[in-house]
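The values are calculated or read from the model by the stated rules, or taken from the named source; none is laboratory data. All values reported here derive from a predicted model rather than from experimental measurement. Here Cβ is always computed from backbone atoms with ideal geometry, including for glycine, and neighbour counts include all displayed protein chains.
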Amino acid sequence: GVYTVHADLNNEAALDALLGACRFTHVLHLAAQAGVRYALQNPLSYTRSNVDGFVTLLEALRAQPGGAPAIIAASSSSVYGLNTKVPFSEEDPVTRPASLYAATKRADELLAHTYVNIHNIPITMLRFFTVYGPWGRPDMAYFFFTNRIVKGEPITVYRLPDGREPGRDFTYIDDIVQGCLGAVDSILVPGSTLDKEQKASLRIYNLGNTKPTPVGTMVDILERHLGVKAQRNVVPMPANGDVPFTHANITAARADFGYSPKTDLETGLSRFAKWYHEWVVSGKIDLSGRAAFEAGQRSARLYN
């Protein structure tokens with residue numbers, strides 16, 4: 001079975017109770033306040049969830065009897081910020097974040113380095129590239145666009161100053177899951193292959209699809225599988241924290257734990273469209289409440 005606890009990541013008592021329930025060998029940390037534009041309205045929610053929450057978790061894990069478990073945590077492709085070299089590689093500089101969200105994720109990577117160095121905890125950070133698929137977040141572009149397209153409402157698509165469309169390395173959720181499991185299976189476990197005489201290390205990997213696609217092409221695919229033509233308003237891309245493009249180099253993840261994305265964007269969006277009709281159009285999921293409100297407040301998080 002699955003044991004579920006709903007709690008604030010900064011709730012130390014709740015974390016202690018959870019971690020005291022059994023002995024953990026691995027912790028996969030995916031909790032965060034995500035999104036680029038929403039940070040413009042609620043910056044403190046990002047630092048509290050992504051930075052304070054990560055430190056609270058690290059401290060709770062560090063205090064476990066017998067030593068901390070191996071930690072695998074989600075970072076983001078947004079840490080590459082304003083880099084222009086593509087594809088993005090783990091060795092590239094990540095000193096120019098374009099958004100507060102990116103800055104908090106880079107802060108997490110630096111915190112991870114600190115805990116590895118001081119406390120000898122093995123940590124792996126996974127840089128996710130534009131995750132999409134069924135049961136995704138309503139504020140992501142593919143989901144937000146779908147909501148508007150099926151209602152006959154216009155969508156906003158950006159253009160860069162040179163006339164090109166922004167592009168994203170859209171990565172299907174199943175491929176991300178495969179990468180997470182590979183990272184879990186390959187990390188050194190305290191108390192077995194790693195002991196106090198050995199030095200832990202920080203591992204950082206890109207998890208992407210390696211096939212960046214213009215956002216307009218993504219909309220073309222949605223049109224085909226939804227059976228509806230989108231009304232597109234094309235406007236210049238504003239300075240809101242989004243970056244023009246992302247493109248993952250996955251050589252390291254492929255070499256170290258066999259990461260190999262299988263799902264192209266056409267296939268992934270066809271699965272999403274089928275799910276959307278089955279669950280959203282049918283009314284099994286109600287997006288008229290808070291999820292839709294938040295999606296509207298954040299607008300379409302096109303890029304990240």
request  = May I ask you to list the residues in the range 69-86 that are in contact with a Lys or Arg (Cβ under 7 Å, 6 or more places away or on another chain), among the hydrophobic types (A, V, I, L, M, F, W, C) and surrounded by fewer than 23 Cβ atoms within 10 Å (Cβ to Cβ)?
outcome  = L82
message = When the residues of the range 139-176 are narrowed to those that are of a type in the set (A, V, I, L, M) and within 23 Å of S89 (Cβ to Cβ), which ends up surrounded by the most Cβ atoms within 10 Å (Cβ to Cβ)?
response = I176
ask   = Which of (1) surrounded by 15 or more Cβ atoms within 10 Å (Cβ to Cβ); (2) out of contact with any helix residue (DSSP H, G or I) (no Cβ under 7 Å at 6 or more places or on another chain); (3) hydroxyl-bearing (S, T, Y); (4) at pLDDT below 95 is the odd one out, the single condition T4 does not satisfy?
value = (1)
task = Being over 14 Å from the mean Cα position of the chain (by Cα) and within 17 Å of S186 (Cβ to Cβ) is the filter; apply it to the range 118-138 and report the residue that is surrounded by the fewest Cβ atoms within 10 Å (Cβ to Cβ).
result = I121
request  = Output the number of residues of the range 85-116 satisfying the condition of being in a loop (DSSP other than H, G, I, E, B), without any contact (Cβ under 8 Å) to a residue 24 or more places away in the chain and within 17 Å of G241 (Cβ to Cβ).
outcome  = 4
key: Pairs with Cβ under 8 Å, 6+ apart, first in the range 267-284 and surrounded by fewer than 14 Cβ atoms within 10 Å (Cβ to Cβ), second among the basic types (K, R)   = E278/K284
inquiry  = Looking at the structure I just gave you, is D264 more than 26 Å from T114 (Cβ to Cβ), touching a residue at least 40 places away in the same chain (Cβ under 8 Å), surrounded by 19 or more Cβ atoms within 10 Å (Cβ to Cβ) and of a type in the set (D, E, K, R)?
reply    = no
task = Could you check the range 197-304 for helices (runs of 4 or more DSSP H) lying wholly inside it with 2 or more residues that are modelled with pLDDT of 95 or more and within 19 Å of the chain's Cα centre (by Cα)?
result = 215-226, 251-257, 265-276
task = Considering each residue of the range 20-50, count those that are aliphatic (A, V, I, L, M) and buried (at least 19 other Cβ atoms within 10 Å of the Cβ), and give that number.
result = 5
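Give the residues of the range 119-176 that are in a loop (DSSP other than H, G, I, E, B), among the aliphatic types (A, V, I, L, M) and either over 24 Å from E109 (Cβ atoms) or touching a His at 6+ places or on another chain (Cβ under 8 Å) (or both), sorted by residue number.
The one that is in a loop (DSSP other than H, G, I, E, B), among the aliphatic types (A, V, I, L, M) and either over 24 Å from E109 (Cβ atoms) or touching a His at 6+ places or on another chain (Cβ under 8 Å) (or both): L160.
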